[in-house]
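Okay, so here's the structure we're looking at.
The values are calculated or read from the model by the stated rules, or taken from the named source; none is laboratory data. What you see is a predicted model; the values in this text were computed from it and never measured. Reconstructed Cβ throughout: ideal geometry from the backbone, glycine too, with neighbour counts over all protein chains shown. With ligands, DNA and RNA removed, areas are computed over all heavy atoms of the protein, side chains included. Shrake-Rupley method; radii C 1.70, N 1.55, O 1.52, S 1.80 Å.
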Amino acid sequence: MDHLSIRYLKGVGPKKEAIFNELSVHTVRDMLYYFPFRYEDRRNVRKITELKVNEPAVIKGKILAAKLSRIPRFANAKRIKSIFEIMLGDETGAVECMWFNQEYLARQLLAGEELMVYGKPTYKRNKLRIVFGQYYRPDKGDSLDVGRIVGIYSLAGSLTQKFIRKIVRGAFEQLRNSLADPIPFYIRKEKDIPNIMWSLEAMHFPNSWEDSQRSRERFIFEELFFSQILVYLRKAKHRLQEATSFTFDREMISVLRRNLDFTLTASQEEAIRQITSDTAQSYPMHRLLQGDVGCGKTVVAAFAIALCARSGLQAALMVPTEILVYQHKETLEKMFSGLGFRIEILTSSFAAKDAERIYEGLRSGAIDIVIGTHALIQKDVLFKRLGLAVIDEQHKFGVAQRMLLPKKGNNPHCLVMSATPIPRSLALSLYGDLDISIIRELPKGRLLPQTKWIKESQRAEIYRFIGQQLRQGRQAYIIYPVIEESEDEDLQSLETMYVNISRQFSDFSVDMFHGKLTAKQKQETIRKFREKKIHILVATTIVEVGVNIENATVMMVENPERFGLAQLHQLRGRIQRSTHQPYFILISADDISENASRRLKAISSTNDGFLIAEDDLRLRGPGDFFGELQHGLPNLKIANPLRDLEVLKQARLYAYRVIKNDHSLEKLEHRSIKDYLEVLTSAFQPQHAESVTN
Ligand code: ADP
Ligand code: MG
């Protein structure tokens with residue numbers, strides 16, 4: 001019954017059905033899970049003389065008079081065709097209530113009848129009146145809209161609050177308690193969680209604030225519990241898979257260390273130790289390597305890659321941009337020199353015959369290590385024996401894309417890397433099926449950028465400062481907020497900027513860098529920048545990901561108010577790789593929005609990626625923030641992992657116990673979990689069908 005389409009509910013025709021579908025409401029169950037986002041207390045009946053302007057209230061009285069006036073066409077600009085007015089009186093006084101363009105009311109609300117109205121009184125010509133109040137007639141039975149705590153839903157199309165309440169009410173009546181409770185009875189009993197039907201009722205039509213709160217808590221637990229069940233199921237599944245373990249080669253490890261011109265930080269050592277022990281197992285590693293921009297994740301991955309290649313297996317490293325492909329190639333070649341691994345790259349700008357050569361090498365097993373962009377997950381790419389899949393900057397890939405690379409092998413070990421640091425407990429729940437390594441510290445001796453937020457009026461001054469830095473031998477980026485790189489108009493403004501900067505800094509060499517350059521041009525520009533033949537690079541955010549040029553220690557960002565917090569932090573990461581003092585300069589318009597101003601304040605006040613991520617979460621709200629991070633779990637609708645951290649921990653514990661004792665969910669008491677998982681996974685499956693382009 002609950003999986004029936006809403007089409008079968010009374011009052012839902014094809015048009016309304018389409019609108020509900022847009023809101024992801026397809027079944028009767030979805031309808032019941034379409035919760036109000038807030039509530040209004042419409043219980044307090046006020047005497048008419050006690051009404052106060054702008055204070056919503058319910059009044060109850062008798063219709064003393066009713067009048068419908070039609071307004072001739074063109075008589076007013078607001079397209080009001082009719083006004084229906086009544087005088088509603090109680091024993092203390094009378095108040096005018098009016099509705100526009102609802103002529104049918106004249107047939108429903110007749111003089112002499114009892115009526116309740118909920119609304120916000122406003123002042124007009126020295127008198128209070130209520131416009132567009134919610135009304136109900138006490139003689140027509142219980143109301144869903146007045147005289148109680150009333151839920152307010154998000155609307156779409158022609159939906160109204162009243163309509164949704166009516167449909168939800170109807171859904172309850174049609175279901176008559178036939179919805180099985182997804183949370184097993186013994187857990188509900190242990191945690192004193194109210195049952196499903198009671199809770200659903202209380203979400204939509206609460207009798208008191210206490211009931212409303214209790215039901216809310218139940219659904220927060222329910223959401224988190226099921227997300228954790230999924231996490232543990234996935235984890236259990238990993239454990240059952242068979243992977244080829246890597247052989248540990250102490251000799252090789254010391255060669256790798258010798259090839260580095262620095263010593264690893266303690267966190268890097270720890271992460272390498274964890275990876276070494278994971279990959280020695282006969283089931284696949286699923287590990288997330290987290291750490292702020294510039295903390296040195298690449299070398300850690302390099303150890304895993306070397307272990308893999310030494311074990312006679314192939315390793316694939318997928319990165320979001322071509323520049324990173326070349327950069328990582330350089331890093332790995334240096335680190336692996338003398339080890340005799342064959343390293344190749346693959347990007348989508350390869351000519352067919354070059355690509356074919358790589359495909360062949362991967363198929364035959366001649367290539368040990370491949371570094372590439374999305375090109376790696378195209379169907380032509382086949383491996384002889386893929387042993388390790390590494391995904392760098394994982395947030396730049398869609399969930400589906402991330403899952404495609406490991407599928408090219410027979411349960412390869414997986415390492416994903418992310419520069420969005422979030423608190424451990426949160427990470428555990430979002431990526432719960434992954435084990436987590438966190439790199440806490442930046443390499444020693446790094447100077448953190450000083451961030452300056454200035455206004456347009458200080459531009460000349462900051463140009464002088466940049467000039468000084470350049471004369472001291474440093475290099476600079478000037479970042480331009482091109483939102484959509486395909487828009488020619490945007491590129492034109494980048495070019496204008498470039499011409500301007502070239503004129504301002506005529507003693508120096510200035511160049512441009514953006515997404516429209518060919519792969520060759522990009523490489524060439526980055527090489528020249530690295531060789532200090534270019535002093536200033538006027539660029540789009542394409543440099544945001546991973547570009548690594550130590551001598552470039554100045555970055556100026558134009559219109560930083562157009563960037564998100566995380567993105568600004570990523571950009572800043574480009575200039576914290578040097579032993580010279582880096583400067584991060586934000587030059588904003590003089591007049592920017594409140595929210596943008598808070599972002600710029602946040603980025604100016606700390607270099608700590610964890611704090612930035614928390615601010616980002618606060619400013620953007622959990623839906624947006626977690627949407628990007630989530631690892632293929634259903635969206636959370638009312639739970640907020642940060643706010644509900646305690647509930648999350650509990651839910652996690654219960655989920656762990658369930659899966660530990662019954663990982664195939666065969667026990668009778670877990671039947672409801674199994675059934676509900678089917679509902680959940682079928683509902684979020686379509687989101688996996690992200691297109692794989694490039
Ligand atoms: P991210 O974690 O952002 O991917 P990278 O791996 O690109 O950072 O490393 C940034 C820079 O730091 C690279 O130039 C790398 O060689 C250097 N690096 C990495 N680890 C250390 C270390 N322990 N000491 C000094 N420099 C290091
Ligand atoms: Mg990196």
Quiz item: So which of 143, 158, 154 is assigned to a loop (DSSP other than H, G, I, E, B), small (Gly, Ala, Ser) and open to solvent by less than 30 Å² (accessible area, probe 1.4 Å)?
Solution: 143
Quiz item: Which is more than 16 Å from ligand 1 (Cβ to nearest atom) and touching a strand residue (DSSP E or B) at 6+ places or on another chain (Cβ under 9 Å), of 382, 332, 405, 339?
Solution: 405
Practice problem: Being more than 26 Å from residue 251 (Cα to Cα) and within 12 Å of ligand 1 (Cβ to nearest atom) is the filter here, so list the residues in segment 296-319 that pass it. | Solution: 319
Quiz item: How many residues does segment 359-380 hold that are over 30 Å from the mean Cα position of the chain (by Cα) and either part of a loop (DSSP other than H, G, I, E, B) or without any contact (Cβ under 8 Å) to a residue 12 or more places away in the chain (or both)?
Solution: 6
Practice problem: Show the residue pairs that are 6+ apart or on different chains and have beta-carbon atoms under 6 Å apart, the first residue being within segment 409-431 and modelled with pLDDT under 95 and open to solvent by less than 10 Å² (accessible area, probe 1.4 Å), the second being more than 16 Å from ligand 1 (Cβ to nearest atom) and outside any loop (DSSP other than H, G, I, E, B). | Solution: 429/648; 430/629
Exercise. Test each condition in (1) touching a residue at least 24 places away in the same chain (Cβ under 8 Å); (2) out of contact with any Ser or Thr (no Cβ under 7 Å at 6 or more places or on another chain); (3) of a type in the set (A, V, I, L, M, F, W, C) for residue 149 and report the one that comes out false.
Key: (2)
Quiz prompt | Number of the condition not met by residue 329 [criteria: (1) within 16 Å of ligand 2 (Cβ to nearest atom); (2) under 22 Å from residue 382 (Cα atoms); (3) under 30 Å from the mean Cα position of the chain (by Cα)] | solution = (3)
Exercise. Mind listing whichever residues of segment 351-388 are within 22 Å of residue 286 (Cβ to Cβ) and away from ligand 2 (no atom under 16 Å from the Cβ)?
Key: 369, 370, 374, 376, 377, 381, 383, 385, 386, 387, 388
Exercise. Determine, yes or no, whether residue 302 is open to solvent by less than 10 Å² (accessible area, probe 1.4 Å) and of a type in the set (A, V, I, L, M, F, W, C).
Key: yes
Exercise. Could you please let me know if residue 240 is open to solvent by less than 10 Å² (accessible area, probe 1.4 Å) and away from ligand 2 (no atom under 16 Å from the Cβ)?
Key: no
Exercise. Would you be able to tell me the number of residues in segment 550-571 that are touching a Ser or Thr at 6+ places or on another chain (Cβ under 9 Å), assigned to a loop (DSSP other than H, G, I, E, B) and either open to solvent by less than 10 Å² (accessible area, probe 1.4 Å) or more than 16 Å from ligand 1 (Cβ to nearest atom) (or both)?
Key: 2
Exercise. Specify which of the listed residues (60, 52, 67, 10) is in a loop (DSSP other than H, G, I, E, B) and more than 38 Å from the chain's Cα centre (by Cα).
Key: 52
Exercise. Please list, ordered by first then second residue, the pairs with beta carbon atoms under 6 Å, 6 or more apart or interchain, first in segment 263-279 and assigned to a helix (DSSP H, G or I), second acidic (Asp, Glu) and open to solvent by 60 Å² or more (accessible area, probe 1.4 Å).
Key: 267/441
Practice problem: Would you check if there is a residue in segment 95-116 being small (Gly, Ala, Ser), modelled with pLDDT of 85 or more and assigned to a strand (DSSP E or B)? | Solution: no
Quiz item: Yes or no: residue 282 among the hydroxyl-bearing types (Ser, Thr, Tyr), in contact (Cβ under 8 Å) with a residue 60 or more places away in the chain, more than 16 Å from ligand 1 (Cβ to nearest atom) and surrounded by fewer than 24 Cβ atoms within 10 Å (Cβ to Cβ)?
Solution: no
Quiz item: Can you name every residue in segment 385-401 that is modelled with pLDDT under 85, more than 16 Å from ligand 1 (Cβ to nearest atom) and buried (at least 21 other Cβ atoms within 10 Å of the Cβ)?
Solution: 401
Self-check item: Which listed residue is at pLDDT 75 or above and in a loop (DSSP other than H, G, I, E, B), from 599, 643, 652, 657
Solution: 643
Quiz item: Within segment 194-217, is even one residue within 16 Å of ligand 1 (Cβ to nearest atom), aromatic (Phe, Trp, Tyr), surrounded by fewer than 18 Cβ atoms within 10 Å (Cβ to Cβ) and more than 28 Å from residue 409 (Cβ to Cβ)?
Solution: no
Quiz item: Of the residues 352, 309, which single one is at pLDDT 95 or above and of a type in the set (A, V, I, L, M)?
Solution: 309
Quiz item: Here are some conditions: (1) more than 16 Å from ligand 1 (Cβ to nearest atom); (2) surrounded by fewer than 17 Cβ atoms within 10 Å (Cβ to Cβ); (3) assigned to a loop (DSSP other than H, G, I, E, B); (4) more than 29 Å from the chain's Cα centre (by Cα). Residue 348 meets all but one. Which one does it not meet?
Solution: (4)
